[in-house]
Amino acid sequence: MVKQIRLNQFQLKESIQDLENQTNGIKTVMQLMGDSKNEIESTVVDSLITFVIEDHHFGLDMTTLQEALQNGELSVLKDNDLRTSLYSLLKYNERLEQREEIANYDNNNFNIPFLYKKINSRNISARVNGEYRAEIGYSKLETNNFESLFGNREFENLVESRLYYAKEMMTNYQKMESFLDYLHDILGKKE
């Protein structure tokens, strides 16, 4: 179980860093709202748009803990603090996954459909991914009108909602990080 906790700690640190990058990208998008065309085109907007549509997926590896719960090993632990903490980890992870699911649902049902109508995602993919650019290339259809997009109140509201979710996820991930550190310390004393 200690090994699994360590792996989860490592994965969570990476997820927190990715989420920090996403949050900073979304903040930059918010700062561009209402800017003139020249200011918008001088910024790397394509890569910033990807931050707005990126889903949240942390996903702890709970295999060992789930097995211990299912076969009754968890209930016979003598250390009450450890047993309670492990049960709490299962519950907190479940709540975290539910929040991610809600945030991702909103993203996939509101942000992405909105952006599909407003931007040329093929061009964005081609600009940010060299392999895609070499294989597929740029669209011959209308290019992106970022001035119109960044002057759109609905887009601003969608981005603000995404920023809210990113900040909420950061708080949840940091709480999970503290919880995993605590469990690692308890389990380390048992070894």
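The values are calculated or read from the model by the stated rules, or taken from the named source; none is laboratory data. Because the structure is a prediction, the values reported are computed rather than measured. Neighbour counts run over all protein chains shown; Cβ positions are idealised from the backbone, glycine included.
Restricting to region 133-191, give me the number of residues that are within 30 Å of LEU60 (Cβ to Cβ) and of a type outside the set (Val, Ile, Thr).
31
Are any residues in region 75-94 under 13 Å from LEU187 (Cβ atoms) and among the aliphatic types (A, V, I, L, M), and if so, which ones?
Hits for region 75-94 are LEU77, LEU82, LEU86, LEU89.
Hey, LEU141 hits all of (1) under 27 Å from SER15 (Cα atoms); (2) hydrophobic (A, V, I, L, M, F, W, C); (3) modelled with pLDDT of 85 or more but one; which does it fall short on?
(1)
I'd like to know if region 6-19 contains one or more residues that are touching a His at 6+ places or on another chain (Cβ under 6 Å) and of a type outside the set (Lys, Arg).
Within region 6-19, not a single residue is touching a His at 6+ places or on another chain (Cβ under 6 Å) and of a type outside the set (Lys, Arg).
Yes/no matrix, rows are residues, columns are (1) touching a Lys or Arg at 6+ places or on another chain (Cβ under 8 Å); (2) within 15 Å of THR50 (Cα to Cα):
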| position | (1), (2) |
| --- | --- |
| PHE114 | no, yes |
| ASN123 | no, yes |
| VAL128 | no, yes |
| GLU142 | no, no |
| GLU147 | yes, no |
| ASN157 | no, no |
| LYS167 | no, no |
| LYS175 | no, no |
| ASP181 | no, no |
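Out of the residues in region 126-155 that are assigned to a helix (DSSP H, G or I) and small (Gly, Ala, Ser), state the one that is surrounded by the most Cβ atoms within 10 Å (Cβ to Cβ).
Filtering region 126-155 for residues that are assigned to a helix (DSSP H, G or I) and small (Gly, Ala, Ser), the one surrounded by the most Cβ atoms within 10 Å (Cβ to Cβ) comes out as ALA126.
Identify, from the list TYR92, TYR165, the residue that is within 25 Å of SER15 (Cβ to Cβ), in contact with a Phe, Trp or Tyr (Cβ under 7 Å, 6 or more places away or on another chain) and at pLDDT 90 or above.
None of the others qualify; the one that does is TYR92.
For the list (1) under 30 Å from GLN31 (Cβ atoms); (2) without any contact (Cβ under 8 Å) to a residue 60 or more places away in the chain; (3) within 24 Å of the chain's Cα centre (by Cα), I need the number of the one condition that ASN152 fails.
(3)
Which helices (runs of 4 or more DSSP H) does region 3-102 wholly contain that include 3 or more residues that are farther than 30 Å from ASN123 by Cα?
63-70
Checking PHE10 against (1) at pLDDT 90 or above; (2) closer than 19 Å to LEU187 by Cα; (3) surrounded by 15 or more Cβ atoms within 10 Å (Cβ to Cβ), which single condition isn't satisfied?
Against the list (1) at pLDDT 90 or above; (2) closer than 19 Å to LEU187 by Cα; (3) surrounded by 15 or more Cβ atoms within 10 Å (Cβ to Cβ), PHE10 comes up short only on (3).
Can you tell which of ASN71, ASN93, ASN107, ASN123 is without any contact (Cβ under 8 Å) to a residue 60 or more places away in the chain and surrounded by 15 or more Cβ atoms within 10 Å (Cβ to Cβ)?
ASN107
Table: residues versus (1) over 19 Å from the mean Cα position of the chain (by Cα); (2) more than 27 Å from ASN104 (Cβ to Cβ); (3) among the acidic types (Asp, Glu).
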{"residue": "GLY25", "(1), (2), (3)": "no, no, no"}
{"residue": "MET33", "(1), (2), (3)": "yes, no, no"}
{"residue": "ILE40", "(1), (2), (3)": "yes, yes, no"}
{"residue": "SER47", "(1), (2), (3)": "no, no, no"}
{"residue": "ILE53", "(1), (2), (3)": "no, no, no"}
{"residue": "THR63", "(1), (2), (3)": "yes, no, no"}
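Being surrounded by 16 or more Cβ atoms within 10 Å (Cβ to Cβ) and hydroxyl-bearing (Ser, Thr, Tyr) is the requirement here; does SER88 meet it?
no
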